[in-house]
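The structure under discussion appears below in the form of structure tokens.
A short reminder: the numbers here are calculations on the coordinates, not readings from a lab. Since the model is a prediction, treat every value here as computed from it, not as a measurement. Glycine gets a Cβ as well: all are built from the backbone with ideal geometry, and neighbour counts include every protein chain shown.
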Amino acid sequence: MSQVAELKHFEGKKVVSSIGMIVLLISFTMLFATLLLGYIVFRMTSEVWPPMGIQRISLVLPTISTIVIALSSYTYFMFEKAYKSKDLKMAKLNFALTFLAGLGFMATQFTLWQSMKNQGLYVTGGIFPSMFYALTWVHAAHIVMAILALALMIPSLVKGYSESKELWTENIGKFWHFLGIVWFVMYIIMFVF
């Protein structure tokens, strides 16, 4: 295969892969929009908020989660930038920071769920806690998928720069940043207001 044919094939793969990721993100957007709309409707129709007998959830852990996921989005952006410029030392550092921040986000989520249980809020405790857990669990499941996608990049990152892996970094980056935006929207809707 000539270089021109290889380049056209790679560009074609890149377009198809980007479209695939966009379709995937649109479907995830619809999932989160549906869950959040249900939460908003419940909240708007409730006469008292939070519902009677339930304490307002402390902002401390959700704020820490928001800061951690924002930092992870920044470090992923810096990883992509360093990887594309073939600065492998900075790419590996920012990749490691992103990976650790993803794990840190999950740790704060587990701590948040434990604090909810300590307050007596269980999944079976009514519509408010069940919606809360559903939203945060679905988001956490997507974070776990993103962390696994990052883990799949480790062997190729150890080998060094590869033009074919730029596509992976871009698509995983779209997914990672998307999850950060979704969490920020959840944070505003579920914890701040």
| field | Residue exposure sequence - THR169, THR124 - by fewest surrounding Cβ within 10 Å | value | THR124, THR169
| task | Name the residue farthest towards the positive end of the dipole of the chain from the options SER72, PHE42, TYR187, assuming +1 on Cβ of Lys and Arg, -1 on Cβ of Asp and Glu, about the Cα centre. | result | SER72
| query | So which of LYS14/LYS89; LYS13/LYS89; LYS13/LYS92; LYS14/LYS84 end up more than 21 Å apart by C-alpha? | reply | LYS14/LYS89; LYS13/LYS89; LYS13/LYS92
| query | If eta is 0.692 mPa s and T is 37 °C, what Stokes-Einstein diffusion coefficient results for the chain, Kirkwood Rh from Cα pairs, in µm²/s? | reply | 178
